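A short worksheet on the structure shown next.
None of the figures in this text is laboratory data; all of them are computed from the coordinates on show. Here the structure is a predicted model, which means the values were calculated and not measured. Every residue, glycine among them, receives a Cβ derived from its backbone with ideal geometry; neighbour counts consider all protein chains shown.
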Amino acid sequence: MKEKLLEIKDERLSFFTPAGEVKALNGVSFSMEEGEVLGIVGESGSGKSVTAYSIMGLTAFPGRLIGGTIRFNGHQVDQMKEKDFRKMRGNEVSIIFQDPMTSLNPVYTVGNQIEEVLKLHTDQTKAERRARAKELLELVGINEPEKRLKQYPHELSGGMRQRVMIAIALAYEPKLLIADEPTTALDVTIQAQILELMQELRKKLGMSIIMITHDLGVVASMCEKIAVMYAGNIVEYGTTDEIFYQPGHEYTKGLIKSIPQLGAEKVERLVPIEGQPVDLMNPPKGCPFAPRCDRCMKICLSEKPPETVLSDTHYAHCWLRQKEEYEKGAADGE
């Protein structure tokens, strides 16, 4: 059995604002094995990025971890200090941000920015750093790397800038790469190229990837397992096939119904999820999705649903699944 690279148990994280406590994460738990690709999906504000950033100690002020444990690659992350995070970031875990134009410094050349990262973590000479920067650009499929090293970010296309960001993230061949909406700002053909590149690099370097996205098409092609997040909770977790073909939570079903189906025999209307996301300052007592759920029962409004195990790799937090399990057990008892 593969060793667990990442294990998060009952993570609770809040932002303490002048208006009140924003409960961004409410008991998040999941684990990852080495070499695995996990997709975290959900609407904006569901806690996807907050979860991933907390692994690197990048929780923005006034956010604070208030409970739970995070273990990554032998580190007890929830007890680490900033100096420890600095050693870990880049070496063991790296991140690709959503918009490469705002992540790269416009007044420095691409070469300078890659070399700066290498300078922080190694004792290489300037010539060695330049050679490594060129090698990284070749690794991510950028043509004429010598020329690109002398260019500024605005002189590159969106796809090329994203490849530069991937090159910087892979400078030390980390064990875990966090990709935060890495293709949102790119057009469809470039998006496909970036995803293909990430798959190739993952196989070549043997690293794990956390893919944060609201695009189910991206996770279908990239990920082996999927965590569905809503209002700071993981409401469902399973393999890609289980999530797409046997969804266990009503929110997951709503996400799948709201995407167009290619090759459908007849034209079908897309079904949006009605209502607004939860106010995280005053989250509901029961299931966070209950106010927007068509099949909401009385218990859904008052009590949080327990975990219903659907298979060895699949679980959901939904009272409807609990009801089905109970009815199934009662029928079997007869």
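Distance between the C-alpha centres of region 77-126 and region 1-74: 21 Å, rounded to the whole angstrom. Between Q79 and T109, the modelled label-to-label distance comes to 4.7 nm, taking each label 7 Å out from Cα in the direction of the beta carbon. What FRET efficiency would be calculated for the residue pair D187, T102, taking the C-beta separation as r and a Förster radius of 22 Å, to the nearest 0.05? After rounding to 0.05, the efficiency reads 0.75. Compactness of the chain is given as radius of gyration and Dmax, 21.5, 77 Å, from Cα positions.
Highest average first, the peptides 104-116, 200-212 ordered by how many other beta carbon atoms sit within 10 Å of their residues are 200-212, 104-116. Figure legend: label point modelled 7 angstrom from the Cα of K204 along Cα→Cβ; residues of region 114-130 with amide N under 19 Å from it are 114-115, 118, 129-130. Put in order of Cβ neighbour count within 10 Å, fewest first, the listed residues K147, K81 become K81, K147. For the pair E268 and S44, how long in nm is the line joining their label points, each one 7 Å along Cα→Cβ? Once both label points are built, they end up 2.8 nm from each other.
For the chain, list the DSSP H helices whose alpha carbon atoms reach 24 Å or more along the long axis and whose average Kyte-Doolittle value is -1.0 or above? Span-like helices here: 188-205. Annotation: extensible slack from E21 through H154 equals 43.9 nm (criterion: 0.36 nm per residue apart, minus Cα-Cα distance).
Looking at the chain only, what percent of DSSP beta bridges run antiparallel? Nearest 5 please. The partial results should precede the final answer.
On the way: 32 of 51 bridges.
In the chain, approximately 65 percent of DSSP beta bridges are antiparallel ones.
The relative contact order of region 101-173 comes to 45 percent, based on Cα pairs under 8 Å that sit 6 or more residues apart. In this Cβ point-charge picture (+1 for Lys and Arg, -1 for Asp and Glu), region 101-173 has a dipole of about 160 debye about its Cα centre.
How much length would be gained if the chain were fully extended between K147 and Y326, taking 0.36 nm per residue of separation minus their Cα-Cα distance, in nm to one decimal?
Numbers: separation 179, 0.36 × 179 = 64.44 nm, distance 6.54 nm.
Result: 57.9 nm gained on full extension.
Once the Cα-Cα distance is subtracted from the 0.36 nm per residue extended length, the K126 to D10 segment shows a gain of 37.2 nm.
Short version: what are the Cα gyration tensor semi-axes of region 101-173, square root of 5 times each eigenvalue, largest first, in whole Å? All intermediate terms of the calculation are to be shown ahead of the outcome.
On the way: eigenvalues 63, 31, 26 Å².
Over the Cα atoms of region 101-173, the ellipsoid semi-axes are 18, 12, 11 Å.
Which net charge results when you count Lys and Arg as +1 and Asp and Glu as -1 among the other residues whose beta-carbon is under 10 Å from that of T69? Net charge around T69: -2.
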